[in-house]
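Okay, so here's the structure we're looking at.
Read-outs throughout are calculated quantities, based only on the coordinates presented, and are distinct from any laboratory measurement. Fair warning: this is a prediction, and the values are worked out from it, not measured in the lab. So basically every Cβ, Gly included, is an ideal-geometry build from the backbone, and we count neighbours across all protein chains shown.
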Amino acid sequence: MADLIENSHGYLAIALPFLIVATIFFFTYMTSRSKYKMLTKIAEQTGDKAELQALLAQLEKPKRDTNYRRDGIITAFVGVGLYQFGKVSLGPTVEGVGFLVGAIGIGMLIGGLLFPDRRAKQ
């Protein structure tokens, strides 16, 4: 029992991320379920298909255009900031994380330059 109390911080540190992710998935599921229940009730009450289609169009999430050049620059500079923060105060571990994030940002930037978005041309 004493071992459980002494190691409770470790157990909590391992379990907490799983609990957070499970909570997020649960509430996302419940929100979408209630949205579709409402849609079925509205569909039963109204007989107009055009009105139902308009309601469905309003409820759909707008698709975000991904701009890899912009996202790559932001990620690269976050990596530079992390690297500098590790250099100044926290040590080589944070420097390595900053270098990794910066390299991912540079990769995203190069990918955005080499493979431009085809939807922007249309």
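Can you tell me the FRET efficiency between S8 and V88 if r is taken as the Cβ-Cβ distance and R0 is 30 Å, rounded to the nearest 0.05?
0.35
Apply the Debye scattering formula to region 68-121, with a single equal point scatterer on each alpha-carbon and no solvent, then give log10 I(q)/I(0) at q = 0.19, 0.28, 0.29 Å⁻¹.
The computed values of log10 I(q)/I(0) come out as -0.58, -0.90, -0.93.
Nearest 20 debye, what's the magnitude of the dipole of region 68-121 about its Cα centre given +1 on Lys and Arg Cβ and -1 on Asp and Glu Cβ?
On the way: 6 positive and 3 negative charges, 66 e Å.
That gives a dipole near 320 debye.
Which cross-chain or sequence-distant (5 or more) residues have an amide H under 5 Å from the amide H of D117, H modelled 1.01 Å from N in plane?
none
Can you give the Rg and Dmax of the chain based on its C-alpha atoms, in angstrom?
My reading of the Cα-based Rg and Dmax gives 23.6, 66 Å.
Please give the contour-minus-distance gain from F25 to K61: 0.36 nm per residue of separation, less the Cα-Cα distance, rounded to one decimal in nm.
On the way: separation 36, 0.36 × 36 = 12.96 nm, distance 1.74 nm.
Working it through step by step, the gained length comes to 11.2 nm.
Please list, in order along region 37-43, the HN-Hα scalar couplings obtained from phi with the Karplus expression 6.51 cos²θ - 1.76 cosθ + 1.60 (θ = phi - 60°), rounded to whole Hz, x for Gly and Pro.
Values per residue, Gly and Pro as x: 4, 5, 5, 5, 5, 5, 5 Hz.
Between 0 and 90 degrees, rounded to the nearest ten: what's the tilt of helix 49-59 against the longest Cα principal axis of the chain?
So the helix axis and the longest Cα principal axis differ by about 10 degrees.
Using only Cα atoms, tell me the angle between helix 68-85 and the longest principal axis of the chain; keep it within 0 to 90° and round to the nearest 10.
30
When the helix-only estimate is applied to the chain (DSSP H runs of n ≥ 4, each -39,500 (n - 2.57), divided by the residue count), what is the mean residue ellipticity at 222 nm, nearest 500 deg cm²/dmol? Intermediate values should be presented prior to the final figure.
Working: 6 runs with 99 residues, N = 122.
My calculation for the chain gives -27000 deg cm²/dmol from helical runs alone.
Go ahead and run the numbers for FRET between R69 and A103, Cβ-Cβ distance against an R0 of 22 Å, rounding to 0.05. Spell out each step's value before the answer.
Values: r = 16 Å, r/R0 = 0.74.
My answer for the efficiency is 0.85.
Helix 92-114 versus the longest principal axis of the chain: what angle, 0 to 90°, nearest 10, using Cα atoms?
Taking the Cα atoms of the chain, the angle to 92-114 is about 50 degrees.
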